[in-house]
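A short write-up of the structure that comes next.
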Amino acid sequence: AEAVYFGYYWQLGAPEWIAGLEADIAYYNFRLDPGIPGTFGLPGNKASDSVSMRGDWTLGLLGHFGYLVTPSTQIYVAGGPSWLDEHATVNCTGPGVCGSNGIPPFSQTNTAFKLGYTVGAGAETKLWEGWLGRVEYRYSNYGSWTTNFGAPANLALAAGVKVHTNT
């Protein structure tokens, strides 16, 4: 993921402890193609047909709590709400499952903008005036959503989509 963040820190009573708020936006561009469930062995499975998930970007608003191990380096934990732009796509083609069953081919993408949460930890150090370097691990969970694909007269698929990330 490529991310940009900004925030503000306050020193607490003891000078080595800090707390803050930060916001970030990250471009993920993750892709997942698990195939069409239940089509194992049918003509065109995975070769022509596909089910794919895509997440493009996230937005997070995080609380930040850190400890200064040196005057310019901190270790920290962070957490708060996060939003993810999710897309689920089904392609059922003529040479694949649809065509082999007499169903008109179709392609459909459904989108959800999901609110979830993020928790993480990391280390940050001052590189030079106005620039910081950061190494961070985050777990984000965006819950689940249900969506429908196709037409009930031909082929209707209901899908439960559950997304969580380890970044």
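The values are calculated or read from the model by the stated rules, or taken from the named source; none is laboratory data. If you're wondering where the values come from, they're calculated on a predicted model, not measured in any experiment. Because the Cβ atoms are built from the backbone with ideal geometry, glycine has one as well, and the counts that use them run over all protein chains shown. Heavy atoms of the whole protein, side chains included, go into the accessibility calculation; ligands, DNA and RNA do not. Shrake-Rupley method; radii C 1.70, N 1.55, O 1.52, S 1.80 Å.
Points worth noting:
- Length-normalised contact order of the range 51-167 in % [C-alpha pairs under 8 Å, at least 6 apart]: 21
- In this calculation the C-beta distance from Met53 to Ile25 is compared with R0 = 22 Å, giving a FRET efficiency of 0.60.
- With helices as the sole contributors, the chain gives -500 deg cm²/dmol at 222 nm; each DSSP H run of n ≥ 4 counts as -39500 (n - 2.57), and the sum is divided by every residue.
- Karplus-derived 3J(HN,Hα) values for the range 75-87, using 6.51 cos²θ - 1.76 cosθ + 1.60 with θ = phi - 60°, are 10, 7, 10, 8, x, x, x, 9, 10, 10, 8, 10, 9 Hz; glycine and proline are entered as x.
- Point-charge dipole on Cβ atoms (K/R +1, D/E -1) for the chain, about Cα centre, debye to 20: 420
- Ranking by accessible area, most exposed first, for Thr73, Thr58 with a 1.4 Å probe: Thr73, Thr58
- The slack in the chain from Ser144 to Phe65, taken as 0.36 nm per residue of separation less the alpha-carbon distance, amounts to 25.5 nm.
- Under 15 Å, Cβ to Cβ, from Phe113 - net charge with Lys/Arg +1 and Asp/Glu -1: -1
- Cα→Cβ-extended label distance, 7 Å offset, between Gln11 and Thr73, nm: 2.0
- Accessible area per residue was computed with a 1.4 Å probe on protein heavy atoms; Ser107 scores about 80 Å².
- Answer label for log10 I(q)/I(0) by the Debye sum over Cα atoms at q = 0.12 Å⁻¹ (calculated), chosen among [x] -0.65; [y] -0.58; [z] -0.52: [x]
- Accessible area of Trp17 (1.4 Å probe, protein heavy atoms only, ligands and nucleic acids ignored): about 90 Å².
- For Val119 and Ala156, a Förster radius of 30 Å and the Cβ-Cβ distance give a FRET efficiency of 0.20, rounded to the nearest 0.05.
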